[in-house]
Every structure is written in structure tokens, then in C-alpha cells.
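J.: Okay, handing you the structure first.
Quick note: the coordinates plus some simple rules give every number you see, no bench work behind them. Owing to the predicted nature of the structure, the values given are computational and were not obtained by experimental measurement. Neighbour counts are summed over all protein chains in view; Cβ atoms, including those assigned to glycine, are modelled from backbone coordinates with ideal geometry.
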Ligand SMILES: Nc1ncnc2c1ncn2[C@@H]1O[C@H](COP(=O)(O)OP(=O)(O)OP(=O)(O)O)[C@@H](O)[C@H]1O
């Protein structure tokens, strides 16, 4: 598989082998059904992909045979390169290294970003002072949107509403001819994931194309932090009902997503496998593109798997394969399996590593950063514990909350009672200091 990138871009990206992608798509196309049929269908789909691969390998081998041992040697190595490429090794080609005619072809096809857009991209990235990794993530998403092949003729929402669910109109959609972006943006809390999302949103705003992106989150509070909505409300997912794809719901989703090309799902650690499947399935139905994951939209999943898990520890995206294999007996389990396999199509990955929230350079700052990092993996050292204990209130050397240095710091308490008391005192003090009246 060949990908083209502008010369100055340096995407940290990898591709699943095409065969694995095919297998995942084959499983998606099977759909939920009774467990014996499901197992049979999955095994037939697997065999079909394996047969396809073997046929391709045999064909290539038979085309490459030669009686001349020298030529045979050269062909064997070319053959093995071709096989490696088929098996998933990425071939990255700089746009500048292409012959002019090929470059012109790409420009005409909209595969190369226009200079004005490039300038805007840089302006926004400078405004947010994005670091190298953040810039990489931001540029991958924005480039995908800029080189997007637009659906040719989308029906007006008015027509959709008037004709209720006349999906015949969607036949006029020209499906994107390029693979949509499936990207995961990770990094521990404070590494600037939201900053990247804000950059993407500002870029679209400056281009007057804010309508192209929808930001979704699993809970209302997570959604309000990123000015988004919950995916339950946006995609009309029913929390209780298994069958949420009624015609009215699908019509409403089709109308909401009429001009959308990118969805960003925040706090992905809280996403259930079955929810990812349902999101994709609802969009497929809304765009009348059954079998085209997420209806062909670009999808960015952002979050940190060290943060909150899904409610009730249901089947999360990081569940192990072993724990999933027993699930296919129920329809819900099959949805989990399909959501889990969808997660594995997110093969463009950027992990942010620099903590932008705690950037102090003092010895204490760096010790605190290290302690937090170790705590995340349950691997605190003696030095970390000593440092954290030195901040526990009550001991003679510990800070007091009335000390001006510690007045506005975050406080962790074990009891709601203590939390409420501290909040109440702090509110009164803040009102007094800022000349405001508490109501
Ligand atoms: N490139 C940057 N330059 C300056 N400040 C930044 C940059 N990136 C992020 N920040 C700041 O660092 C803080 C944390 O950033 P942000 O909220 O985006 O992190 P996050 O990874 O989304 O965190 P969380 O997972 O806790 O939600 C914010 O105050 C943000 O303004």
C-alpha cells in the first residue's frame, strides 16, 4: 500500500496488513446472528480471505519463475519485496520525489494540499504553539480533510425530511475513493490531546467549514469539556434497547450528519466495544452504505486508556482477545466482537508524550511528574511515596492549606464531608478576595 505525504510531514503511522484489514471487513460484513451461524459465517469469511491471499501469492510466484539462476535470484528478491509490501510493510513516497506528470495528476485529483490551506494550517498550529507530536496529529487529520473526495451530490436535509426515509436519494452519493482516516490520538492526561482537537476545530472554523466535524463523548460532562455532545444523543443510541436502528432515528442521524466528514470521539477509554460497533452501524445505515465502516467518515478517537474505564467494566476496547472469544454466543457479544475488530482498523496512531500541564523545570516539579507517571502504572518507587507523603496534611513538616503557596492547589480527600468543607471555605475566601457576594 502506498501513501503520499508532503515532504515536510513526518507522520508516525503504520498500516495493518491488507490481509488483516480484509479479515476485519469480512467479519464486519457478517453481522450479528445466532451463535452457530455466526461461527460458521466467521470461519467461511476467514477462509475466503486466506484463499484470496494464497491465490495472489501463488500467481505472483508463478509469474516470477525463470531458468536463468541469476535472473531467478533478482526476481526472488523483487518477489519477496512485493510480498513484504502485500503483507503490510508501508511504502512511503515523498511527493517531491515523484515525476512532474504524476504530481500534476495528484494535484488535479485533490491529493495535494493547496498553498493557501497549507499556510492556514501553519497559522493555526502556531497559534496553539503545538509541539512536534501535536503538530503531527493535527496535520494528519487536517490533511485527510483537505484531500477528501467530497460526496458528489448530497441530498438537501429538506428533501430528506420531506421524503421521510427515501434512501433512494443516497444512491447519488459518490463514495470517497480514498481510505478514510482511522486515527487514535493517545497520551497521558495533560499531554495536549484537547489542544490538538481545538486546533482542528479552529482550522475548520477559519475555513468556514465547522459543519464538517462533530465532536462526541461518552458522558455529558466529558462532552461539555470539549464543546461536544454525547454520542448517545447524537446517534440516537438507546442505552437500554438492543434494537436502536428505527427508521425515524436513522432519518434524524442522516440529517445531523449531512455535511459531516469527520467525527472525533473523546475520552475513548470509556467507550464500549459494542458502542463503537453501533456508532459505525448507525452511520452505515444513515449513509445507506452498508458494509462501509462509519459510513465512510474520517474518525479520530482521542483519550488515554489509563483514565476512566467504561461504566461497569463492560467490554472495553482494550479487552483481550481471549476474553472476547467466548462472547460470540449472544448478539450483544457479537456486537462487542465486531466493535473490538473495528478498533483494530484504527491503524494511524499518534501518542503524545510531553506533559504540557506540568512543565516546571525545578527538581520538585520533575519528581512530581515522575511520581504521577509511576502511579499511573501502579509502580511508585520509595522516592515517589516519600514525596507524596510529604504533602499529606497533618504531619509536622506538611503544608497547611492557609499557607498562600497552597491556597489554590488541588486537594485530594478521602471523604465527601472534608471535600465540602474545603470547597465552602475556599468559596468564601475567593468571594472576599475578589469583592464578590456569594449567592
Ligand atoms: N502546545 C501547547 N502549548 C501550550 N500549552 C499547551 C499546549 N498543549 C496543551 N497545553 C496546555 O496544557 C494543558 C493540558 O492540555 P489538554 O487539556 O489539551 O491535555 P489533555 O491531554 O487533553 O488532558 P486530559 O487527558 O487530562 O483531558 C492545558 O492547560 C492546555 O492549554
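J.: For the stretch 379-438, what are Rg and Dmax over the alpha carbons, in angstrom?
T.: Cα radius of gyration and Dmax of the stretch 379-438 are 14.3, 46 Å respectively.
J.: For 135, 114, what's the fewest-to-most ordering of other Cβ within 10 Å of each Cβ?
T.: If I rank by nearby Cβ atoms, fewest first, I get 114, 135.
J.: Which distance in nm do the two modelled labels at residue 54 and residue 290 give, with both placed 7 Å along the Cα-to-Cβ direction?
T.: Spacing of the two 7 Å Cα→Cβ label points: 3.1 nm.
J.: Points 7 angstrom from Cα along the Cβ direction at residue 318 and residue 390: gap in nanometres?
T.: Calculated label separation equals 3.0 nm.
J.: By how many nm would the segment from residue 354 to residue 210 grow when fully extended, if each residue of separation counts as 0.36 nm and the alpha-carbon distance is taken off? Walk me through the numbers before you get to the answer.
T.: Numbers: separation 144, 0.36 × 144 = 51.84 nm, distance 2.85 nm.
Answer, rounded to one decimal: 49.0 nm.
J.: Further question: May I ask you to compute the full-extension gain from residue 437 to residue 361, defined as 0.36 nm times their residue separation minus their alpha-carbon distance, rounded to one decimal in nm? Present the calculation step by step, with values, prior to reporting the outcome.
T.: Values: separation 76, 0.36 × 76 = 27.36 nm, distance 3.81 nm.
Going from the current span to full extension adds 23.6 nm.
J.: Among 352, 300, 225, rank each residue by its count of other Cβ atoms within 10 Å, from fewest to most, as a rough exposure measure. Before the final figure, lay out each step's value.
T.: Details: 352 25, 300 28, 225 13.
Listing 352, 300, 225 from fewest to most nearby Cβ atoms yields 225, 352, 300.
J.: Relative to a virtual label point 7 Å from the Cα of residue 397 in the Cα→beta-carbon direction, which members of the stretch 351-375 show backbone nitrogen distances below 18 Å?
T.: Only 363-368, 371 pass the distance filter.
J.: While we're looking at this one, here's another question. With r as the distance between the Cβ atoms of residue 114 and residue 258 and R0 = 25 Å, compute the FRET efficiency 1/(1 + (r/R0)^6) and round to 0.05.
T.: On the way: r = 25 Å, r/R0 = 1.00.
Once rounded, the FRET efficiency stands at 0.50.
J.: Mind ordering 355-366, 182-193 by average Cβ neighbours within 10 Å, highest first? Please list the in-between numbers first.
T.: Values: 355-366: 10.9, 182-193: 21.5.
Answer by packing, highest mean first, reads 182-193, 355-366.
J.: Going by how many other Cβ atoms sit within 10 Å of their own, how do 246, 292 line up, fewest first?
T.: Values: 246 13, 292 18.
Ranked by crowding around the Cβ, least crowded first: 246, 292.
J.: Between residue 426 and residue 224, 0.36 nm times their residue separation minus their Cα-Cα distance comes to what?
T.: Stretched fully, the residue 426-residue 224 segment lengthens by 70.3 nm.
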